[in-house]
Amino acid sequence: MEPAVRGISAAPSEVSCDLLIVPVFEDDSLADLAGLDEAAGGEVGRARASREFRPKPNELFVTRLAGGQWQAARVGLVGLGAAGTDGEAHLRAAAARALRAARQQRAQTVAFLLRGAIDAERAARAVTEGVLLGSFDDRRFKTDDEDAAPRVLRCDIVCPGAAAAEVQRAVEVGRTLGEASNRARELANAPGNLLTPRAFADQARALLADTGVAVEILDETAIERLGMGLLLGVARGSAEPPRLIVMRHEPPGAPASPVLGLVGKGVTFDSGGVSLKPADGMEWMKDDMAGGAAVVCAMRAIGGLGLGTRVIGIVPATENMPGGRATKPGDVLTGASGTTVEVVNTDAEGRLILGDALWYARELGATHLVDVATLTGACVVALGKAASGLFGQPQSWVGAVQRAGERAGERVWPMPLYEDYREQLRSETADLMNIGGREAGACTAAAFLRVFAGDTPWAHLDIAGTAWASDSRAGQAKGATGVMARTLVELASASESW
Ligand code: BES
Ligand code: MN
Ligand code: ZN
């Protein structure tokens, strides 16, 4: 499905392909590309002079190359903004933008030219990620393929003069990361009838085959044996049994600690349960396992890249349905940690299953925790789709997660965890309630999770706004985004910094 990507070392004019992508910086003279304007019949110079093409991020201009010495059939100028600022992020986005355009233009072979003062390996990796992200087109559930743009078969990354082996290695890393995001997008796009908790567990097993990551699937009996009353309380209303997906990356010779524990919300469909959601937009709740998808696919990349740090992944997978045996508002559940919870709203189910999963990650020896969840509509109100919400403690750990997000090109923004939010969760009946009233909904949800993280360094990423793109943008197709898969891999690969 994704194009074959490789790094090549060639003169730009000699690259033969359907579409040659040339990134253009602000105040860029294109002096290194002698003969390009001539080959384009003067169109490159004209578009720049008339400002039909401006070298800003997301801008794209395509024209034919007919005359002159250039081998490519067409050239596409993509804007990169000012040289030296956010270079990798802009390259990744420009490559995704260009690949989406390439498909629409029916280009089957593409080349992306690396230019300017950017490190060749980092650039090649970012471009490869962008190429894979921009190639994503999820047509698995369509039988009528009339509008399908043909896929791009090959993309060469042209790095004149760079060391081929190093660039090739960077391309492999970029491919692994881009694939991780795309596989997570497929999982989250899959409809709830096809991606049940059992199917999700099967898919996780298949995605992790041949990566060296050990997968164990706990069924409802094993979950009960662990005493996970919070997860079982959410699953009760459904005819589909829950699963707990447990993944272990244990590189030979790795030190006993640190152990990174990744926890992802895996609600394969969230109807709200007895506290039923309104019908409008409920279909989007098939993506309520996007956090779990990010964790599964991050584990796949962590194994595939052979990272040297121990990592445990835990995904509690369940539906949230209003069946006759469903948990009711006012019910009290007991988690595996022994903590009792008064369920005031059955639609606040994510924090319940994550409570048991965080406890289990600690049981299994995690020394540093991150959970990823489409947790609250309140986080979407606070940050929109511009960033994922980041909570946690201590600050050093939260900072490490934020920096990993920046490197991966996935924005996260720090949110507070004041004691006040924990107080909003005080229950008359049990140790805590599962909702904290109308105010600060994203923060009270985080305060709930904190109880289960205890004193282990922990970060919580609320991706309710960022997991789904509601319209297609230049470089991003409509639908699941796969967000945080790459950030988690970045974090795992930087254990020396935390
Ligand atoms: N899965 C939802 C959160 C959500 C909302 C994700 C919108 C993506 C878009 C979560 O389980 C939920 O229902 N949260 C409730 C919590 C409330 C009952 C305290 C919410 O945000 O409304
Ligand atoms: Mn819910
Ligand atoms: Zn939910």
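The values are calculated or read from the model by the stated rules, or taken from the named source; none is laboratory data. Here the structure is a predicted model, which means the values were calculated and not measured. Note: ideal-geometry Cβ built from the backbone for every residue, glycine included; neighbour counts use all protein chains shown. In case anyone asks, the SASA skips ligands and DNA or RNA and just uses the protein heavy atoms, side chains included. Shrake-Rupley method; radii C 1.70, N 1.55, O 1.52, S 1.80 Å.
To keep it simple, each residue is scored yes or no on (1) open to solvent by 20 Å² or more (accessible area, probe 1.4 Å); (2) free of Cβ contacts under 8 Å to residues at least 40 places away in the same chain; (3) among the polar types (S, T, N, Q).
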site: Leu60; (1), (2), (3): yes, no, no
site: Gln71; (1), (2), (3): yes, no, yes
site: Gly81; (1), (2), (3): no, no, no
site: Ala89; (1), (2), (3): yes, no, no
site: Ala93; (1), (2), (3): yes, no, no
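So that you can scan it fast, the table gives a plain yes or no per residue for (1) touching a residue at least 60 places away in the same chain (Cβ under 8 Å); (2) in contact with a strand residue (DSSP E or B) (Cβ under 8 Å, 6 or more places away or on another chain); (3) open to solvent by less than 30 Å² (accessible area, probe 1.4 Å):
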{"residue": "Pro12", "(1), (2), (3)": "yes, yes, yes"}
{"residue": "Asp18", "(1), (2), (3)": "yes, yes, no"}
{"residue": "Val22", "(1), (2), (3)": "yes, yes, yes"}
{"residue": "Leu30", "(1), (2), (3)": "no, yes, yes"}
{"residue": "Ala34", "(1), (2), (3)": "no, no, no"}
{"residue": "Glu38", "(1), (2), (3)": "no, no, no"}
{"residue": "Gly41", "(1), (2), (3)": "no, yes, no"}
{"residue": "Ala47", "(1), (2), (3)": "no, yes, yes"}
{"residue": "Arg54", "(1), (2), (3)": "no, yes, no"}
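Given the conditions (1) in a strand (DSSP E or B); (2) more than 25 Å from Thr481 (Cβ to Cβ); (3) β-branched (Val, Ile, Thr), which single one is not true for Val263?
Only one criterion in (1) in a strand (DSSP E or B); (2) more than 25 Å from Thr481 (Cβ to Cβ); (3) β-branched (Val, Ile, Thr) is unmet by Val263, namely (2).
Across region 429-459, what is the total count of residues that are on the phi > 0 side of the Ramachandran plot and within 15 Å of ligand 1 (Cβ to nearest atom)?
Looking only at that region, the number is 2.
Taking the stated definitions as given, is Gly227 within 19 Å of Leu333 (Cα to Cα), more than 14 Å from ligand 3 (Cβ to nearest atom), surrounded by fewer than 24 Cβ atoms within 10 Å (Cβ to Cβ) and small (Gly, Ala, Ser)?
For Gly227, the condition - within 19 Å of Leu333 (Cα to Cα), more than 14 Å from ligand 3 (Cβ to nearest atom), surrounded by fewer than 24 Cβ atoms within 10 Å (Cβ to Cβ) and small (Gly, Ala, Ser) - is met.
Can you tell me which residues in region 239-252 are surrounded by fewer than 24 Cβ atoms within 10 Å (Cβ to Cβ) and either closer than 19 Å to Glu363 by Cβ or free of Cβ contacts under 8 Å to residues at least 40 places away in the same chain (or both)?
Correct list: Val246, Arg248, Glu250, Pro252.
How many of the residues making up region 134-148 are open to solvent by 100 Å² or more (accessible area, probe 1.4 Å) and among the polar types (S, T, N, Q)?
So the count comes out to 1.
Tell me whether region 373-383 contains one or more residues that are among the small types (Gly, Ala, Ser), more than 16 Å from ligand 2 (Cβ to nearest atom) and under 21 Å from the mean Cα position of the chain (by Cα).
Taking every residue of region 373-383 in turn, at least one turns out to be among the small types (Gly, Ala, Ser), more than 16 Å from ligand 2 (Cβ to nearest atom) and under 21 Å from the mean Cα position of the chain (by Cα).
Looking at region 284-306, which of the residues that are in a loop (DSSP other than H, G, I, E, B) and buried (at least 24 other Cβ atoms within 10 Å of the Cβ) is nearest to the chain's Cα centre (by Cα)?
Checking each candidate, the answer is Met289.
Just checking, which of Lys277, Lys265 is open to solvent by 30 Å² or more (accessible area, probe 1.4 Å) and within 16 Å of ligand 3 (Cβ to nearest atom)?
After ruling out the rest, the residue left standing is Lys277.
Look through Gly479, Gly454 and report the one residue that is over 11 Å from the mean Cα position of the chain (by Cα), touching a residue at least 60 places away in the same chain (Cβ under 8 Å) and closer than 30 Å to Ala101 by Cα.
Going through Gly479, Gly454 in turn, just one is over 11 Å from the mean Cα position of the chain (by Cα), touching a residue at least 60 places away in the same chain (Cβ under 8 Å) and closer than 30 Å to Ala101 by Cα: Gly479.
Among residues belonging to region 415-428 that are in a helix (DSSP H, G or I) and not basic (Lys, Arg), point out the one that is nearest to ligand 1 (Cβ to nearest atom).
So, considering only residues that are in a helix (DSSP H, G or I) and not basic (Lys, Arg), the one nearest to ligand 1 (Cβ to nearest atom) is Tyr421.
Looking at region 407-452 only, could you name the residues that are under 14 Å from Gln393 (Cβ atoms) and not hydrophobic (A, V, I, L, M, F, W, C)?
Those that are under 14 Å from Gln393 (Cβ atoms) and not hydrophobic (A, V, I, L, M, F, W, C): Pro414, Pro416, Tyr418, Glu419, Tyr421, Arg422, Arg450.
Return the only residue of Gly330, Gly338, Gly261 being under 22 Å from the mean Cα position of the chain (by Cα) and not charged (D, E, K, R).
Step by step, each of Gly330, Gly338, Gly261 is checked, and only Gly261 is under 22 Å from the mean Cα position of the chain (by Cα) and not charged (D, E, K, R).
Kindly list, by first and then second residue, each pair from a residue in region 284-297 that is farther than 16 Å from Ile314 by Cα to a residue that is open to solvent by 10 Å² or more (accessible area, probe 1.4 Å) and within 11 Å of ligand 1 (Cβ to nearest atom), limited to pairs with Cβ atoms under 9 Å and residues at least 6 apart or on different chains.
Cβ pairs passing all conditions: Trp284/Trp468; Trp284/Ser470; Met285/Phe269; Met285/Lys277; Met285/Thr374; Lys286/Phe269; Asp287/Thr374; Asp287/Trp468.
Of the residues in region 307-338, how many are open to solvent by 40 Å² or more (accessible area, probe 1.4 Å), over 13 Å from Gly233 (Cβ atoms) and within 16 Å of ligand 2 (Cβ to nearest atom)?
1
If we keep just the residues of region 429-467 that are among the aliphatic types (A, V, I, L, M) and in a helix (DSSP H, G or I), which is surrounded by the fewest Cβ atoms within 10 Å (Cβ to Cβ)?
Top of the filtered list is Val451.
Collect the residues in region 197-212 that are more than 19 Å from the chain's Cα centre (by Cα) and surrounded by 22 or more Cβ atoms within 10 Å (Cβ to Cβ), keeping them in residue-number order.
Pro197
Could you please find all residues in region 450-475 being charged (D, E, K, R) and in contact with a His (Cβ under 9 Å, 6 or more places away or on another chain)?
Of everything in region 450-475, just one residue is charged (D, E, K, R) and in contact with a His (Cβ under 9 Å, 6 or more places away or on another chain), namely Arg450.
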